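Okay, so here's the structure we're looking at.
The values are calculated or read from the model by the stated rules, or taken from the named source; none is laboratory data. These numbers were taken from a predicted model, which means no experiment stands behind them. Heads up, the Cβs are rebuilt from the backbone with ideal geometry, glycines too, and the neighbour counts pull from every protein chain shown.
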Amino acid sequence: MQRIGVFVCWCGSNIAGTVDVKAVSEALGREPGVVYSINYQYMCSEAGQNLVKDAIRDQKLTGVVICSCSPRMHEATFRKAAASAGLNPYMVEIANIREQCSWIHKDMATATEKAIILGRAAIAKVQLNAPLTAGESPVTKRALVIGGGIAGIQTALDVAEAGFEVDIVEKEPTIGGKMTQLDKTFPTLDCAACILTPKMVDCAQNENITIFSYSEVQEVKGFVGNFRVKIKKKARYVDETKCTGCGLCTEKCPQKKVPNAFNLGLDTRRAIYIPFAQAVPKVATIDPDYCNMLKNGKCGVCAKVCTAGAINYQQQDEIIEREYGAIVVATGYNPIKLDNFEEYAYSQSPDVVTSLEFERLTNAAGPTSGTLLRPSDGKHPHTIVFVQCVGSRDTSGCGKPYCSKICCMYTAKHAMLTREKYPDTDVYVFYIDVRTPGKNFDEFYRRAVEEYGVHYIKGMVGKVTPRADGKLSVQASDLISNEQLHIDADLVVLAAAIEPDKTARSLGTMLTASMDTNDFFTEAHPKLRPVESPTAGIFLSGVCQGPKDIPETVSQAGAAAAKVIGLLAKNKLTCNPCVAHSDEWMCNGCSSCEKVCPYGAITYLDKEFRMPDRTVAIRRVASVNEAVCQGCGACTVACPSGAMDLKGFSNRQIMAEVDAICKE
Amino acid sequence: MVFSYYPGCTLKNKAQRLDQCARRSAQVLGIELQELPEWQCCGGAYSMAQDEIASKLAAVRALNGAKELGQDLVTLCSACHNVLKQANHDMAENEDFSRNANNYMKLAEPYRGETKVIHYLELLRDQVGFEELAKRVKNPLTGKKIGAYYGCLLLRPGKVMQMDNPENPKILEDFIRALGAQPVVYASRNECCGGYVTLEDRALASKKSGAVLEDAAQMGADLLVTACPLCLYNLTKNAPTGHQLPVVYFTELLAQALGVDTAREDGR
């Protein structure tokens with residue numbers, strides 16, 4: 001006979017404000033099999049847990065039902081409490097009367113009724129629960145970091161420092177990411193390259209770090225502690241082991257008219273190139289879209305001038321298979337395309353630039369060697385208009401609904417530096433709100449206004465029009481003085497919203513890591529588990545999780561590394577015992593389950609069976625690899641003969657829950 | 001190619017040249033425009049009031065007329081096009097409006113926005129093709145610098161009109177190029193001319209039109225084209241002294257380039 005204890009939590013007023021918890025515990029106390037029922041203000045507190053533990057011992061409970069918050073929040077807490085009191089942890093069931101009841105209903109009478117029904121379902125289920133024992137799986141002591149920007153670099157360095165191997169996969173020919181393109185960094189104005197490139201070099205020199213540049217993750221299989229990943233190393237037509245990075249080929253290549261992606265197309269490069277002087281690895285790459293030799297077999301200049309013999313036009317993409325215990329996503333961001341914002345004339349005038357292009361125009365290693373010149377005529381601009389929130393905080397559907405977070409600060413930086421270097425330049429900044437929360441951020445912005453005389457105007461630019469005389473006529477509104485403004489500008493700089501890298505969505509699917517509607521990766525808990533994906537073993541670093549500046553990215557990268565180290569430090573991981581199991585006598589070997597299994601956990605065996613008539617038959621039956629199975633339950637639904645079942649969530653248990661809910 | 005054609009009131013009075021040149025040019029281009037029988041005024045301006053039904057019913061009747069003939073509906077006047085297209089969008093997307101309008105009209109079969117409304121310019125771009133049009137030109141307008149004036153109604157709201165990018169359009173520029181002339185892009189080509197404001201504040205309409213004309217002239221335009229009778233009125237009758245530019249309907253240029261008779265039917 002089952003002896004079940006019911007524990008109803010108030011969650012302060014979270015549950016008790018909408019659900020009559022006393023009525024719930026009384027009603028559930030009358031359910032068959034329930035010998036003990038109680039309610040308490042905070043069941044997850046130590047005192048609350050002790051109530052559960054004491055009741056298990058004193059009442060000799062065989063099953064426990066906790067009516068509280070989502071099992072995602074505290075199932076582990078209560079299972080642990082049960083285990084410490086000597087009850088198998090899988091004899092604990094959670095009825096979610098917070099997220100699925102009190103938080104979404106207003107009427108106390110009906111919410112209470114629903115809470116009772118949810119509790120009843122859990123009681124019906126726990127009656128059929130069987131004790132389960134978790135197995136163990138080994139941990140591969142190596143981490144994969146996808147993306148080699150500042151986020152990926154910092155995570156990799158921190159993990160490597162703890163003594164674990166780390167691989168960085170970067171799709172560009174060099175690591176470094178967006179930060180390599182920046183000039184100065186707010187709020188201290190240190191040069192981006194000066195603080196980043198030493199870290200890039202550290203990555204290259206660290207014996208625990210392997211960099212796969214110009215490579216992409218192609219396939220991810222396995223699970224936490226045991227990921228198997230296929231990495232596609234794209235052909236760069238240069239032997240990385242031989243190339244010395246001397247750069248001779250990049251000077252001699254006759255194909256000079258390739259838009260230079262590193263400078264955002266503001267100048268050109270050759271078909272064989274090293275993105276920038278401090279690239280890591282400092283190895284040349286041939287752009288197959290422009291190389292004459294690869295396109296029509298005529299040229300070969302780079303091979304002739306290369307003293308190291310590193311050029312290899314026959315090089316093919318290479319697939320590398322590696323195993324990892326943990327995966328860190330650090331795929332970063334890009335500014336949005338401005339096709340939906342034609343009113344700013346970005347496509348009509350070269351003198352309308354994005355803020356990232358402005359970084360290149362002021363960077364000493366940029367196309368103008370750091371002198372601010374207009375792209376159209378190479379003249380010094382005397383009036384510059386900065387437009388903030390281009391596509392950020394946009395509910396019209398043209399842009400992004402969120403705040404891109406970094407634009408207020410980098411625009412203040414651009415405006416301030418322009419005024420410092422070129423005091424004869426008039427600088428206007430149009431804003432919706434200036435948002436500067438961060439250490440020394442607001443002081444920085446105020447300096448731009450108060451010391452450097454930047455004209456900050458609350459209002460938006462409605463239209464930018466190129467004029468015949470080469471000026472840009474800017475039409476805008478000043479919301480504070482309620483005036484229409486017309487400014488004749490030489491340069492307009494658009495603070496374009498940022499969005500997750502295009503590869504994020506497909507990567508999220510590969511990793512079965514959840515994402516939000518804007519393609520940012522979702523964290524396991526927005527406050528308490530901010531660097532973990534809900535998918536075990538997947539960690540998040542940098543802007544792939546949400547807009548961030550460099551200080552915040554580096555902090556998060558370090559946090560992700562700490563989580564990775566915590567995982568890799570373990571020799572064994574406890575497996576989830578709620579895995580699929582096939583009844584071999586009922587299985588007809590149809591392969592339906594194998595086809596739907598997303599983890600490749602099901603195989604088929606030809607097995608001998610002693611039949612009732614004492615003959616021996618060989619039958620094909622399904623077999624589940626419990627270490628690989630994640631307990632998703634897809635196979636139990638697909639199985640036509642009802643042979644497949646999920647431990648802890650058996651068909652009988654689920655039907656019992658449904659019956660309990662539907663019972664009058 | 002046979003299409004239903006909705007001219008609208010102004011095109012039968014003040015803006016006869018817009019209508020006549022369009023129909024004669026269509027004939028030359030092998031397009032048959034069949035004027036809708038018993039069409040009524042489109043309402044003149046699309047009412048923004050959510051519960052306004054009566055003023056939009058004439059537009060719905062015209063749309064349903066084309067549906068019954070099984071033809072796409074061609075429009076020409078910017079204002080009529082705007083009203084018909086928006087009313088059609090309401091019939092397809094706004095359930096409340098569509099139900100009320102259908103209840104009121106008691107049609108044999110309820111109308112749900114089935115008719116495709118296309119502007120004459122879209123007809124030239126998508127059915128004839130500007131490349132093909134260029135081949136048909138007999139008197140190319142070589143050397144002419146022409147500013148396209150879109151006004152506000154032809155392209156907006158962009159999501160409903162779906163003709164061109166309302167902030168950086170090119171359909172009229174491509175049209176001008178097809179006729180052999182040189183398009184002049186200027187800032188206020190998609191700004192308001194003053195519209196109906198001229199009825200109560202002529203000075204404001206004059207200011208708005210003046211800004212358009214000045215801007216176009218600065219960029220070197222010596223002629224403006226429009227598809228809207230009200231724009232043409234404001235840009236000519238309300239032009240401030242010293243800012244006058246000739247303004248014609250785009251179909252007048254089309255007829256001229258195709259070598260079609262451009263004389264008015266009423267001989268004026």
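Observations on the model:
- The set of residues in region A:553-562 that are touching a residue at least 40 places away in the same chain (Cβ under 8 Å) and more than 12 Å from residue A:145 (Cα to Cα) comprises A:553, A:554, A:556, A:558, A:562.
- Residue check for residue A:35: modelled with pLDDT of 95 or more, out of contact with any Cys (no Cβ under 7 Å at 6 or more places or on another chain) and crowded, with 23+ Cβ neighbours inside 10 Å: no
- In summary, helices (runs of 4 or more DSSP H) completely within region B:1-94 and bearing 1 or more residues that are among the hydrophobic types (A, V, I, L, M, F, W, C) and over 20 Å from residue B:125 (Cβ atoms) occur at B:54-69, B:78-93.
- Applying the criterion of being of a type in the set (Val, Ile, Thr) and at pLDDT 95 or above to the residues of region A:395-431, the residue that is surrounded by the most Cβ atoms within 10 Å (Cβ to Cβ) is A:411.
- Scan of region A:335-352 for residues that are more than 14 Å from chain B (Cβ to nearest Cβ) and not in a loop (DSSP other than H, G, I, E, B), ordered by number: A:335
- Residue A:250 being hydroxyl-bearing (Ser, Thr, Tyr), away from chain B (no Cβ under 14 Å) and either on the phi > 0 side of the Ramachandran plot or in a helix (DSSP H, G or I) (or both): yes
- Number of the condition not met by residue B:58 [criteria: (1) modelled with pLDDT of 95 or more; (2) within 21 Å of residue B:6 (Cβ to Cβ)]: (1)
- Failed criterion for residue A:156 (all others in (1) over 30 Å from residue A:19 (Cβ atoms); (2) of a type in the set (A, V, I, L, M, F, W, C); (3) over 19 Å from the mean Cα position of the chain (by Cα) hold): (3)
- Candidates are the residues of region A:134-187 that are of a type in the set (Ser, Thr, Tyr) and closer than 23 Å to residue A:408 by Cα; the one that is surrounded by the fewest Cβ atoms within 10 Å (Cβ to Cβ) is A:185.
- First in region B:221-240 and free of Cβ contacts under 8 Å to residues at least 60 places away in the same chain, second anywhere and surrounded by fewer than 18 Cβ atoms within 10 Å (Cβ to Cβ), Cβ under 8 Å, 6 or more apart: B:236/B:244; B:238/B:202; B:240/B:207
- Single unsatisfied condition, residue B:142 versus (1) of a type in the set (Ser, Thr, Tyr); (2) loosely packed, with under 15 Cβ neighbours inside 10 Å; (3) within 14 Å of another protein chain (Cβ to nearest Cβ): (3)
- The one condition in (1) within 14 Å of chain B (Cβ to nearest Cβ); (2) of a type in the set (Gly, Ala, Ser); (3) in contact (Cβ under 8 Å) with a residue 12 or more places away in the chain that residue A:504 fails to fulfil: (1)
- If you go through region A:376-394 and pick out every residue that is closer than 17 Å to residue A:489 by Cα and crowded, with 19+ Cβ neighbours inside 10 Å, you end up with 6.
- Residues located in region A:176-191, provided they are in contact (Cβ under 8 Å) with a residue 60 or more places away in the chain and closer than 22 Å to residue A:155 by Cα: A:176, A:177, A:178, A:179, A:180, A:181, A:182, A:185, A:186
- Here the condition is being of a type in the set (A, V, I, L, M), surrounded by 18 or more Cβ atoms within 10 Å (Cβ to Cβ) and away from every other protein chain (no Cβ under 14 Å); of A:474, A:434, it holds for A:434 alone.
- Residue satisfying condition, being surrounded by 22 or more Cβ atoms within 10 Å (Cβ to Cβ) and of a type in the set (Gly, Ala, Ser), within set A:524, A:496: A:496
- Selection from region A:255-274 of residues that are in contact with a Lys or Arg (Cβ under 8 Å, 6 or more places away or on another chain), part of a loop (DSSP other than H, G, I, E, B) and either buried (at least 16 other Cβ atoms within 10 Å of the Cβ) or touching a residue at least 40 places away in the same chain (Cβ under 8 Å) (or both): A:255, A:260, A:264, A:266, A:270, A:274
- For region A:200-209, the set of residues classified as surrounded by 19 or more Cβ atoms within 10 Å (Cβ to Cβ) and either more than 14 Å from residue A:276 (Cα to Cα) or among the acidic types (Asp, Glu) (or both) consists of A:203, A:209, listed by residue number.
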